[in-house]
There are 2 protein chains.
Amino acid sequence: MNYEEAKIKFISTWGSLGTLWGINKAMAQIQALLFLSTKPLSMEEIMEELKISRGNTSMNLRQLMDWGIVTKEIIPGERKEFFTTEKDVQELARIVAKERSRREIKPVIKVLRDVSSIEDDGTKKTKELIKQTKALHDLTETADAMINKLVNQEQNWVTKSLLKLFK
Amino acid sequence: MNYEEAKIKFISTWGSLGTLWGINKAMAQIQALLFLSTKPLSMEEIMEELKISRGNTSMNLRQLMDWGIVTKEIIPGERKEFFTTEKDVQELARIVAKERSRREIKPVIKVLRDVSSIEDDGTKKTKELIKQTKALHDLTETADAMINKLVNQEQNWVTKSLLKLFK
DNA sequence: ATAAACTTTCAATAATTATTGAAAGTTTAA
DNA sequence: TTAAACTTTCAATAATTATTGAAAGTTTAT
């Protein structure tokens, strides 16, 4: 496998993995491209490399900026805008975990709390609903807290955590 | 919010959350319905409650069984098949984490290893590709190992882990 | 062996989601 | 101020993914 093949393979794998971290294919591919690039890229260059339209590039760059993963670079003497992504994988993981928590997990926790708080009318089915959604609420909340805590640690959280947990 | 409202809200929220644990809407809704039910349900009952077709129900039940989340119950004297889901949320989390690791994370780790192992031709861009994909490989592998380890612990892994990590 | 009761399969269709591209909008240089 | 260089928006379209429903398949009771 040469450079070009490796690059293509990485970008397409990362793209199709997008779902795992909750973003779409183009978004993930743009991020992957920037992640490998040794210099900031313009919209033109991104479109060209990934063979996607200007509109698509613009919209997905915007989303990546909303996530806080990509930033605009201003390059003196250049009219175009240039983009870079966070290069540190742990910082990247931190941002993604935090955003998914905020966007998806927190709202679900709220629903689970509401649902598990309905009045107990004494019937078996109501008792079951309360019991099960409460269990799910507690699990989700704890897992969410754990991920956020892990991910908000300083440098090298993964290694540190593993050491603490499994030594 | 009464029982029926709470039930509907839970099922639809859990359904749209499907993406977060990597399954589709109908699949998640069927699981949610079984999760609340105090008794095994037939295909007929599931179709009826969720208003989905026989084919859809059959296919999604099959997938849930492939995941190991739902099991067929044999009820003496009944011709129909009945279904139940794992009711313990921690066991559920264990199964989901394990399956996602096997289906999605492990294959990505393999690609990252391959890509990060290309020959270093000394160019800047190749060095960057190797460095960055290696970092991603290590992070992904460590996170995967951690989740699997956590999730394979006996009873009460979340609580235990939290205690160990953050006391 | 047969037929009723039930489940699975899968081509057709519907619903959803992503992408395009051109018009509208914005910024900058002169 | 204007026009060139660039970006954003969004209605139309394409691609993908989910769902249906009826025919084919299977199992069970007699």
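The table below lists the values:
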| read-out | value |
| --- | --- |
| Cut-off 18 Å (backbone N to label point 7 Å along Cα→Cβ of A:K39), residues of region B:111-155 | B:123-129 |
| Relative contact order computed over region A:3-85 (Cα-Cα under 8 Å; 6+ residues apart), in percent | 26 |
| Distance (nanometres) between label positions extended 7 Å along Cα→Cβ at B:E48 and B:E4 | 1.5 |
| Between 0 and 90°, nearest 10: helix A:106-116 axis offset from chain A longest Cα axis | 10 |
| Crossing angle, helix B:124-152 versus chain B [Cα axis fit, 0-90 degrees, rounded to tens] | 40 |
| Label-point separation, A:T123 to B:R103 (7 Å along Cα→Cβ), nm | 3.4 |
| Charge dipole (debye, nearest 20) of chain A; +1 at Cβ of Lys and Arg, -1 at Cβ of Asp and Glu | 420 |
| Options A:S37, A:V70, A:S117, ranked by Cα towards positive dipole end of region A:1-136, top entry (Cβ charges) | A:S117 |
| Diffusion constant of the protein assembly as shown at 37 °C, which comes from Stokes-Einstein with the Kirkwood Cα-pair radius and 0.692 mPa s, µm²/s | 148 |
| Between 0 and 90°, nearest 10: helix B:3-16 axis offset from chain B longest Cα axis | 30 |
| Sequence-separation-based contact order of chain B, relative, with Cα cut under 8 Å and 6+ spacing, percent | 15 |
| Long-range Cα-Cα pairs in region B:68-110 (distance over 15 Å), rounded percent | 58 |
| Cα radius of gyration and Dmax for region A:1-47 (Å) | 10.8, 30 |
| Copy-to-copy label separations for B:S117, where each label sits 7 Å from Cα toward Cβ, in nm and ascending | 5.3 |
| Helix-derived mean residue ellipticity, 222 nm - over chain B, DSSP H n ≥ 4, -39500 (n - 2.57), to 500 | -21500 deg cm²/dmol |
| Average Cα contact separation per residue, region B:76-154, under 8 Å, 6 or more apart, as relative contact order % | 37 |
| Inter-label distance, nm, simple model (7 Å from Cα along the C-beta direction), B:T19/A:R79 | 3.7 |
| Taking all pairs of distinct alpha-carbon atoms in chain A, Kirkwood radius in angstrom | 18.8 |
| Only Lys, Arg (+1) and Asp, Glu (-1) charged, at Cβ; region B:64-147 dipole about Cα centre in debye | 160 |
| Those lysines that a straight Cα-Cα span of less than 18 Å connects to A:K80, excepting residues fewer than 8 apart in one chain | A:K39, A:K72 |
| Cβ-vector label at 7 Å, A:K131, separations to other copies in nm | 5.7 |
| Cα-centred dipole magnitude for region A:12-85, charges only on beta-carbon of K, R (+1) and D, E (-1), debye, nearest 20 | 120 |
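Every number here is computed from the coordinates shown, using simple stated rules; none is lab data. Computed from a prediction, not measured in an experiment: that's the story for all the values here. In this analysis, Cβ positions are derived from the backbone assuming ideal geometry, glycine residues included, and neighbour counts consider all displayed protein chains.
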